[in-house]
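Worksheet for the structure shown next.
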Amino acid sequence: MFVVKVGGSEGIDYDSFLADLIQHDDYLVVHGGSHELNNTATKLGKPPVFVTSVSGFTSRFTDRETLDIFNMIYAGKMNKMLVEKLQGLKVNAVGLTGIDGRLMEGKRKQALKIIENGKKKVLRGDLSGIIENVNTDLLRLLMDNAYVPVLTPPAISYEGQAINVDGDRCAARVAVSMKADTLIILSNVPGLLRDAEDEASIITKLSIDEIDSHIESYAKGRMKKKLLAAREALEGGVKRVILGDARGKAPVSLSFQKWGTIIE
Ligand code: ADP
């Protein structure tokens, strides 16, 4: 089986993605919604706040109000948009967050250690964490009965609170737990680029040992998390991770034909 994660960034062609996806068998979908969330949160007078951790990764500061808007966009608009489109294509999709059936469970971060204006700072009140367990029984129950799960953050903490988790790492965790052989991460770039501004500078192949140095040297912003997710997937037994482009006509098929960045 394979897991495909489709991003939430600008320019993604969801109709083409789904029309192509349903030509394949035995998959589940994880999705994001970052661009839409940023827009809606800004319209609602609650613009996004991004913080940088001491280790150099960027994340969304998620207080309760942000989490409520997060649910509106991820669990509401984006998830139901994908499920509706799949239903229109006669695929019996079921949309779930990690809260539902404790599908994706993990530890809430106690505090964020961030860098602000060059200074270290501890930030509290953030509702985010890392997924440690996936309810594979629930996913198998669905898949064994021909339903296609469409999954999205948030996850759930051990205490039963919704927590924001990174979508790419969420997809990696699901792929590991479901023993997927391939994880495809589709976004609005052709793959990992040497120069984020130059689409021709794609790195077509990468080994697991090179991931850390590429996180340092080439990946900026959110691309760092995609590489981190790739490493977590491969370390957990997934055979290959493909970073592909969701703006084209057949992004899943092209990924299987080794377009994009292949990490093995
Ligand atoms: P999604 O919402 O699809 O998960 P993001 O927008 O969060 O995707 O992350 C993809 C973005 O990462 C690209 O749009 C690009 O601007 C950025 N990026 C930073 N560094 C790189 C790089 N080296 N190669 C490709 N993309 C990069």
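The values are calculated or read from the model by the stated rules, or taken from the named source; none is laboratory data. Since the structure is predicted, the reported quantities are computational estimates derived from the model, not experimental observations. Positions of Cβ are generated from backbone atoms using ideal geometry, with glycine treated the same way; all protein chains shown enter the neighbour counts.
If you go through the stretch 74-91 one residue at a time, how many are of a type outside the set (Gly, Ala, Ser) and more than 14 Å from residue 21 (Cβ to Cβ)? Counting residues in the stretch 74-91 that are of a type outside the set (Gly, Ala, Ser) and more than 14 Å from residue 21 (Cβ to Cβ) gives 7.
Across the stretch 28-54, the qualifying residues are those that are in contact with a Leu (Cβ under 8 Å, 6 or more places away or on another chain) and surrounded by fewer than 19 Cβ atoms within 10 Å (Cβ to Cβ), and the one among them that is modelled with the lowest pLDDT is 53.
From the set of residues in the stretch 97-155 that are among the small types (Gly, Ala, Ser) and within 29 Å of residue 18 (Cα to Cα), which is surrounded by the most Cβ atoms within 10 Å (Cβ to Cβ)?
We begin by selecting, within the stretch 97-155, every residue among the small types (Gly, Ala, Ser); these are 98, 101, 106, 111, 118, 125, 128-129, 146, 155.
Imposing the further condition that a residue be within 29 Å of residue 18 (Cα to Cα) reduces the set to 98, 101, 146, 155.
Details: 98: 27, 101: 16, 146: 8, 155: 31.
The selected residue is 155.
Screening the stretch 120-236 for strands (runs of 3 or more DSSP E) wholly inside it with 1 or more residues that are within 14 Å of the ligand (Cβ to nearest atom) returns the ranges 148-152, 182-187.
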